[in-house]
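> Quick one: the structure is below, and I'll ask about it shortly.
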Amino acid sequence: MSVLSNELLPIEVAVTVDELLIWEEAPLPPGYAREGIVAAMVQTLAKHQIGGVYGFAHTSPLDKDHGLKEVLTHWVASGHHLGNHTHCHACLNWLSAKNYCEDIQRSEDVIGDLIEKAPGRYFRYTMDMSGQSEAKRGEVEDFLALKGYTNAPITAWFGDFAWIVPYTRALLNKDMPSVEALRTSFVNTAVVQLRNHAKVARQIFGRDIPYIWLIHGSAIAMDTLDDILTAFKDLGIRFVSLDHAMKDVAHRAMPRASPKFVNHLQRFALAQGLPAEYVPPELMQAVLEASPRAGMDSMAFYDAILRKMCERAGGTYEWDWS
């Protein structure tokens, strides 16, 4: 039996990819590089005849290696688009609205020529977190409007970043059972969480919406994207453009601001007292602890990645994983 019941079909999904230039502190397994990951994802999208995908890439990696802009140029030359995702990828909770807007401008200064090639001018809040107050978010939204940007939120995700460090460990350890188990759980969780988000959307809006789905430009995403898209197709899901999805009022409206690490749809759910449908904690724990390796604790890595983002942007780091 399909994990997506018939009552939830047909579903429209707009694929988006964050961090085409994966965070500087994120580990890459031997033989993997940003260039290769993006090139492989381009090939997989072409195989599934999915074009015009928006990528949202923070641009601070170009500070050390300006040649990485060629990775983003290749993405655009392949028929896809770029949006603005700030320069440092620091969460709005950590920065003043003024500093956050300056970081948006810094990214535009670096890749504005590529952003202009897209049919729509989109911005995505880092971690899809739009600040802990309506006032701060309002200042940023005013700036975005002034710059001609539209916020492109996320309404379907599955915490895919959590697999990055465990997958790297498993490959370094040559632990193929764990590699396969992580790939399997990655694909299955992508499908199950899409189902969960669809159930929540029906409770909130009384209908299906075109979901804006997120995956990151990581090694495990490169190795499993084909399987995920195949699974989605097998379920009857129809792929649509971000421009199409953004016509829906669900993506234009702004749910109540929240300091929590939740996406746009989950904020709507929390505001209405509905379950936000997180990945089960026992599954996440199993992923985070897979194939242990000295000096490569998952949570230590993720905390260091976030802290560096904050430091680069001049913010005050505060993060609650609960």
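> Only one of D142, D223, D227 is charged (D, E, K, R) and either under 23 Å from G83 (Cα atoms) or not in a helix (DSSP H, G or I) (or both). Can you tell me which? Break it down stepwise before answering.
Numbers: D223 fails: either under 23 Å from G83 (Cα atoms) or not in a helix (DSSP H, G or I) (or both); D227 fails: either under 23 Å from G83 (Cα atoms) or not in a helix (DSSP H, G or I) (or both).
Among D142, D223, D227, only D142 is charged (D, E, K, R) and either under 23 Å from G83 (Cα atoms) or not in a helix (DSSP H, G or I) (or both).
> Same structure again: Would you check if Q266 is closer than 24 Å to W321 by Cα, outside any loop (DSSP other than H, G, I, E, B), in contact (Cβ under 8 Å) with a residue 40 or more places away in the chain and in contact with a Gly (Cβ under 9 Å, 6 or more places away or on another chain)? Give the steps one after another, and end with the answer.
On the way: closer than 24 Å to W321 by Cα: yes; outside any loop (DSSP other than H, G, I, E, B): yes; in contact (Cβ under 8 Å) with a residue 40 or more places away in the chain: yes; in contact with a Gly (Cβ under 9 Å, 6 or more places away or on another chain): no.
In short, no.
> Looking at A156 and the list (1) aliphatic (A, V, I, L, M); (2) within 13 Å of W213 (Cα to Cα); (3) open to solvent by 20 Å² or more (accessible area, probe 1.4 Å), which single condition is not satisfied?
So the condition that A156 fails would be (3).
> Got at least one residue in region 290-304 being within 14 Å of F161 (Cβ to Cβ), in contact (Cβ under 8 Å) with a residue 60 or more places away in the chain and of a type in the set (S, T, N, Q)? Steps first, answer last, please.
First pass over region 290-304, keeping only residues within 14 Å of F161 (Cβ to Cβ): 298-299, 301-304.
Remaining after also requiring in contact (Cβ under 8 Å) with a residue 60 or more places away in the chain: 298, 301-302, 304.
Then drop every residue that is not of a type in the set (S, T, N, Q), which leaves 298.
Yes, some residue in region 290-304 is within 14 Å of F161 (Cβ to Cβ), in contact (Cβ under 8 Å) with a residue 60 or more places away in the chain and of a type in the set (S, T, N, Q).
> What residue, of D227, D243, D208, is over 30 Å from L72 (Cα atoms), in contact (Cβ under 8 Å) with a residue 40 or more places away in the chain and among the charged types (D, E, K, R)?
On the way: D227 fails: over 30 Å from L72 (Cα atoms); D243 fails: over 30 Å from L72 (Cα atoms).
Just a single option satisfies the conditions, and that option is D208.
Quick grid of which residues meet (1) without any contact (Cβ under 8 Å) to a residue 40 or more places away in the chain; (2) within 26 Å of V200 (Cα to Cα); (3) of a type in the set (F, W, Y):
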| position | (1), (2), (3) |
| --- | --- |
| H89 | no, no, no |
| E108 | yes, no, no |
| Q132 | no, yes, no |
| E139 | no, no, no |
| P153 | no, yes, no |
| W157 | no, yes, yes |
| P166 | no, no, no |
| L171 | no, no, no |
| S178 | no, no, no |
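> Looking at the structure I just gave you, is M254 under 23 Å from H85 (Cβ atoms), assigned to a loop (DSSP other than H, G, I, E, B), aliphatic (A, V, I, L, M) and open to solvent by 50 Å² or more (accessible area, probe 1.4 Å)?
Values: under 23 Å from H85 (Cβ atoms): yes; assigned to a loop (DSSP other than H, G, I, E, B): yes; aliphatic (A, V, I, L, M): yes; open to solvent by 50 Å² or more (accessible area, probe 1.4 Å): yes.
Yes: the conditions hold for M254.
> Can you list the helices (runs of 4 or more DSSP H) found entirely within region 1-116 that contain at least 3 residues being surrounded by 15 or more Cβ atoms within 10 Å (Cβ to Cβ)? It would help to see each step written out before you state the result.
Details: elements: 34-47, 61-64, 69-77, 97-115.
Here the list reads 34-47, 69-77, 97-115.
> Out of all the residues in region 89-98, is one or more of a type in the set (D, E, K, R), more than 25 Å from N263 (Cα to Cα) and at pLDDT 95 or above?
Of all residues in region 89-98, those of a type in the set (D, E, K, R) come to 98.
Add one more test, that the residue is more than 25 Å from N263 (Cα to Cα), and what stays is none.
Checked against the condition, which is being of a type in the set (D, E, K, R), more than 25 Å from N263 (Cα to Cα) and at pLDDT 95 or above, region 89-98 yields no hits at all.
The values are calculated or read from the model by the stated rules, or taken from the named source; none is laboratory data. Source: prediction; values computed, not measured. Cβ: placed from backbone, ideal geometry, glycine included. Neighbour counts: every protein chain shown. Surface areas here come from the heavy atoms of the whole protein model, side chains and all, with no ligands, DNA or RNA. Shrake-Rupley method; radii C 1.70, N 1.55, O 1.52, S 1.80 Å.
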